[in-house]
Amino acid sequence: MGGRTLRGSCVRTGIITVAATIIIVPTASGCRRASSAGPRSSAATPTTGAGVDGPAGLIVTALAPPPTADDPIVIELGAPVAPATLVAGESVLVLEDRDVDPGGAFAPVAVEVAVGAGGRSVRVAPVRPLRPGHEVRVVLTRSVRGVDGVPLRTSDASAPISFAASIPDAVFEGRFTIAAPEVDASPEGAPSPRGATGAFAVVDVQPPLHARVPSPDVIRVRLSRPVDPASLRGPGHRDATIGVFQDADDIPGGPLVALPGTASLEEDGRAILIALDAPPIPEREVLIALSSRLAAAGARPGDAGLVRGAVSQPASLGAVLSGAVFESAFVPIARPSTTLASHGSTAPTDPPAPSPRTMAATAASGDGVPDPEEFTYERSGTDRWHVDFEVRSRAFSTDRYYHGLRSRSGRTIADRLVHQRVMHKILETASLKYRRTADGRRRSGSYAISFSPTRPSRGSPGWSYSRMAVGGSLDGETIGVAYYDEGNRWREDNGDSDLGVFSRGIYGRYSRLRTRLRSADRPFVDGSYRLGDGSRTDDSRFRAVHKALDDWGHAVGVVLAHEVGHSVGLDHSDRSSNIMSSWSTSWELSDRDIDFTSAAHRLLRSNLGVQ
C-alpha cells in the first residue's frame, strides 16, 4: 500500500492498487501525528510546482492531456530544459493500456518530442492516434536535465510512480484517458462524432432467432454507414476485425472460447452477417466484438474507423481481438428438441425445467428486497461509521454501469433495486468482517463499531462520527485511501475527493455482468422470482445478475473493511489472504471466508472493544 503524507496532519494513508492482480504496497513508516486536538483534515494545501519557497531545480508543474486522440501532450516545466536530454523512448516515455479495464499491461507508444519557446514546455506527439478509453501514462526520468545540468526531480504534479521496477530512474508520471468521441447514430443516419472524421458506429445487434436474421446460426450487426469490404475479416481470420466468443462453462465471467465463422455484408453494406460454423451452446453467454480497424466505405487515409457508439457495452476483449472497441452480448436460447411420439410422429417438447430450489442469499430467495436503511447506529458505545454513498452518488452510478449493473438510462426500477442490493451487500460484508450480524446488529463477541448509509442527524464527520465515502475513481489504479490512526484515538473523515473507497476499479472474480442490466430484469431483483418459475434462460439470467451484484458488493465491502481497519489502528499484514494483507487478488476479494489475522483481531479488541 503506497503511503503518502498529507502536509499539516502528517498521517499515513492506505492505498490499494489494482492491476492484473490487486497489489497492495506497504505504507511508509515513521510518520508522526500532530498532537493538536480536533478532527483530522485532508484539506491541507498541497505544494505547488514551484515549491513553497520558490523554484528549486527542474520540475514538472503541469501535464495537459490532449483534447483529442490526434493532438500532442503538453508538459509544463518550472525551469528551462536542455533539449538534448529529451530522448523519446528513453528519458520521455508514453505507455498505453492494452485494454480499457483499469490497470493491466501497458505498451510503449512511439512519440516525437519538441521543446517550446523558452524551454519551459515540451510537446510530446504520438506518431499514431491514442486509443479512446485506454489509459495513457507519461513518464519522465532523471536523465532529463535543465540548462544548468541539474536533473529533473519529482514534484506534486506527479502521480505515484507505477513503473519503478522497469523504469528505475523515473521521477514523474502523468496519467489521463482520451474520451471516446460522442456519436449520434440513428438507424439510417450517419453519426456525428466529435473529434473524429469518417467514424461510424454500430446501431443494433440482432442475435440468432431474431426476425430479421436469415438463419438460426447467423448474427446480424447493423451499422450507421456502409462498411468497407476490404476491412471485413470474420471470426477465425488471423487478422480478424470481428470476433465471436462464448463462455466455456455455465459460470458467467469465466474463460472464453472463440467461435469460428465467416462474415459478409448485406447488399447496401450497412449490415454485417456473421455466420457461425456451428450453433452456439444454449444458455451460455455469447460476446460479439468489433475492432476499430473496421472502416467505413469511402473512408480516406487517416479517418477514424469504428467507434464505440451508444449501444456498446464497455469493451473488455482487447486481449483476444486487436483494437476491440465495440462489444455486445446475448444468451442463446435452447431450441425445442423432438422426441418420437407414440403414433410415430414427431412432437416438440420443451426442455425440462430445473426443480425449484431456494438460494441461500436473501436477494435470491424471493423474500423481498433488502433495505440498506436497516443498518443503523447504536445509540452509544460504538464507533459510528457513516458509509457515505451520497457524496459521490453520480460516480457510484457510473461505477455500476462499468460493472454492467446499471442500464443505459439508469432510471429503471431494476436500477433502483440493484442499487439497494449492492449497498446492502457492501454494508453486510463490512459488518460481518467486524463480527456483527448480516444486518449490522450487535451479537456476542461483536466489535463496538456500527455502519450505516444514513448520515447522523447531529454533528459533523471527523468530530461526532467517522465517515467513509464510496464511489468513483481516483487515478485509475487506487481503489482505497484512508487515514491511519494508531490506537484509534480520533474520529476520521475519509470523505474528501482523494479519500475513501473507489469502487470503479474494484473487481472480484465475478463482479461484472456481461449482458448489461435492463428493465426486463426487474422480476429477478424485486424478490418476486424464484428459480424454476420461468425458463432455463430466465433462471440463467437470474443467477448471472445475482452472482455479479453479490460478488461486487462483497469485494467493495472487503475494501471498505480494509480502509476502516486503517482508521481504527490496523496496519498492513505481511501474511497473504487476509483483509489487511498487502497482496490480494480478485479471488481473495470474492472469498467469503477472508478475515482479519489473529494479531489484527487482538488490536481490534483493544482499539474498539467487544460487545
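The values are calculated or read from the model by the stated rules, or taken from the named source; none is laboratory data. Keep in mind the model is a prediction, meaning the values are calculated, not measured. Heads up, the Cβs are rebuilt from the backbone with ideal geometry, glycines too, and the neighbour counts pull from every protein chain shown. For the accessible areas, the whole protein counts, side chains as well, though only heavy atoms, and no ligand, DNA or RNA atoms are used. Shrake-Rupley method; radii C 1.70, N 1.55, O 1.52, S 1.80 Å.
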Relative contact order (%) - criterion: Cα under 8 Å, at least six apart; region: the stretch 371-476: 48 percent
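Which shape class applies to the stretch 363-504: rounded if a/c is under 1.5, otherwise prolate when a/b exceeds b/c and oblate if not, where a ≥ b ≥ c are the square roots of the Cα gyration tensor eigenvalues? Before the final figure, lay out the partial values.
Values: a/c = 1.97, a/b = 1.24, b/c = 1.59.
Oblate, since a/c reaches 1.5 and b/c is not below a/b.
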Accessible area (Å², 1.4 Å probe, nearest 10) - Asp249: 50 Å²
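Skip the ligands, DNA and RNA, and give the accessible area per residue of the stretch 525-611 with a 1.4 Å probe, whole Å². If you can, show how the numbers build up before the last one.
On the way: 3150 Å² over 87 residues.
Value for the stretch 525-611: 36 Å² per residue.
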Relative packing of peptides 522-532, 108-118 - highest average C-beta neighbours within 10 Å first: 522-532, 108-118
Under 5 Å, built H, 5+ apart or other chain: amide partners of Ala295: Asp228, Ser231
Long-range HN-HN contacts of Asp388 with modeled amide H, under 5 Å: Met468, Ala469, Val470
Kirkwood Rh (inverse of mean 1/r, distinct Cα pairs), the stretch 485-567, angstrom: 15.2 Å
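Contact order normalised by length for the stretch 545-607, with contacts defined as Cα pairs under 8 Å and 6 or more residues apart; what percent is it? Mind showing how you got there, number by number?
Details: 53 pairs, mean separation 18.9, N = 63.
Computed value for the stretch 545-607: 30 percent relative contact order.
Over the stretch 493-608, what relative contact order in percent results from Cα pairs under 8 Å that are six or more residues apart?
29 percent
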Prolate/oblate/rounded label for the stretch 52-174 (Cα gyration tensor, a/c 1.5): prolate
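How would you classify the stretch 253-324 from its alpha-carbon gyration tensor, with a ≥ b ≥ c the square roots of the eigenvalues: rounded for a/c under 1.5, else prolate if a/b is greater than b/c, otherwise oblate?
Values: a/c = 2.26, a/b = 1.42, b/c = 1.59.
Oblate is the answer for the stretch 253-324, as a/c is 1.5 or above yet b/c matches or exceeds a/b.
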Per-residue HN-Hα couplings for the stretch 594-611 [Karplus 6.51, -1.76, 1.60; θ = phi - 60°; Hz; x = Gly/Pro]: 4, 8, 6, 6, 4, 5, 5, 5, 5, 5, 5, 4, 6, 7, 10, x, 10, 9
Distance from the stretch 123-151 to the stretch 579-611 (C-alpha centre basis), Å: 40 Å
The stretch 403-456 - percent of accessible surface contributed by carbon and sulfur, probe 1.4 Å: 47 percent
